[in-house]
Structure formats: structure tokens, C-alpha cells
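The values are calculated or read from the model by the stated rules, or taken from the named source; none is laboratory data. As the structure is a prediction and not an experimental result, all values here were calculated from the model. When we count neighbours, we look across all protein chains shown, and the Cβ atoms used for this are built from the backbone with ideal geometry, even at glycine. These area figures cover heavy atoms from the full protein model, side chains too; ligands, DNA and RNA do not enter into them. Shrake-Rupley method; radii C 1.70, N 1.55, O 1.52, S 1.80 Å.
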Amino acid sequence: MGSETRRKILEAAKKAFSKYGYDGVSMEEIAREAGVKKALIYYYFPSKDKLFEEVWREALEELENHLFTVTKETNSYFAKIKKFLKSYVDFVLNKSVLNEIIEKEKTTIRFEEKEKWSVLRERYENFIKRVEKLIDEGKEQNYVPKDLDSRAAAELIVNSMGDVPKDQKLLQSIQEMILKGLLNTKTEEGQ
């Protein structure tokens, strides 16, 4: 029963945070959405900050699992990066609540000076580094130009895929533009 109630609270918080953002949601609203008393939320999560941290961590973890699981399925870098970008499109279209949580708050988490977001900032930074590592892998295999700034490419991918209208054609066009800009032309044509 306890883990079921905790899960219900987290799901209600996900919906609320995705719709209104951290600052736009009260614990009363989350309790109402979850169908529980506000005091019960505090039993599981000592503060709104802690509840949000858990929601953010889960959303980012699911995004990473969604994106990086497909990259393990192939050895070909060209196929790997295509699957990665296709999975990003899929996540944005089909996991919109989680994507909205990440997109609504990532600027606040990354750039606000508040110490309370340091754990989340570090978690998000690790996600960017994983994308950067994927770009570096392409450089090592001569799929990606050596002089391309891996960090800038990672930021471009993350910021262009997640923060656009949920339009499949538009997202697929962005995916194709990223592929064309990222990969060496000779390598791409050879696939």
C-alpha cells in the first residue's frame, strides 16, 4: 500500500509540474490530484523541493533509458546516432509529461544560483556529458568531424529536440538536419 500511495503522489506531481512548472504548483493541488491528504505527501516527501527532485530525477532517468538503451543495440555509429535521434523524437511525442517537466525547469535548474538545485544540476550535466560522449564516439570512428565541438553539439541536440512543438514532421526535420550537420558527408554516403 505504501509504495502504491507514493507512486500515486509522484504521478500526480508529474502531471502538475509538467503543466504548471515548479513555481505554479502547490502541495494542496498535488494532494487533490493524487486523491490524498496533504499531510500524506509530507510523510513520503518532506518538502515540495524533495518531491520535485524525485520527479525530475525519474523524468531524466526515463529519458536517458529511452535514448541510450537503443545505442547499445548496434555497433555501427551511423545506425546508433540515427536510433538515438529517432528515440528522442519518440520521447518528445510519446512521453510528453516527462518531457514537459524537463523542458519547463531545465533553465531554472541549470542557471539559478540556488544551492537547492545543485543535485539536479549535476544530474542534468551528467546527461549532457553522456550525449557528448556519444558525439566523441563518432569522432573516434571518423563519422563526426574531429574539429566539431562535442559539447556544443550535445547542447544543440538536447535543446533542439526537447523544446519544440510536438509536431512529428518538424521533429523529424530537426533530426535530419542534426544528422546532416553532425556526420561527415563521405561517411554518411557510404552507409
**OP:** Check GLN168 against each of (1) touching a residue at least 60 places away in the same chain (Cβ under 8 Å); (2) surrounded by 13 or more Cβ atoms within 10 Å (Cβ to Cβ); (3) not aromatic (Phe, Trp, Tyr) and name the one condition it does not meet.
**Re:** (2)
Subject >> Residue check, LYS106 modelled with pLDDT under 85 and farther than 24 Å from ASP49 by Cβ >> reply: no
**OP:** Those residues that are of a type in the set (Gly, Ala, Ser) and in a helix (DSSP H, G or I), I need them from region 13-67; list them, please.
**Re:** ALA13, ALA16, SER18, ALA31, ALA34, ALA39, ALA59
Subject >> Single residue of LEU134, LEU156, LEU98 found to be assigned to a helix (DSSP H, G or I), among the hydrophobic types (A, V, I, L, M, F, W, C) and open to solvent by 30 Å² or more (accessible area, probe 1.4 Å) >> reply: LEU156
Subject >> Residue in region 171-191 that is surrounded by the fewest Cβ atoms within 10 Å (Cβ to Cβ), counting only those that are assigned to a loop (DSSP other than H, G, I, E, B) and at pLDDT below 85 >> reply: GLY190
Original post:
Hey, any hits in region 21-41 for a residue that's at pLDDT below 90 and open to solvent by less than 40 Å² (accessible area, probe 1.4 Å)?
Top reply: yes
Subject >> Test: SER76 is of a type in the set (Ser, Thr, Tyr), over 16 Å from the mean Cα position of the chain (by Cα) and open to solvent by less than 60 Å² (accessible area, probe 1.4 Å) >> reply: yes
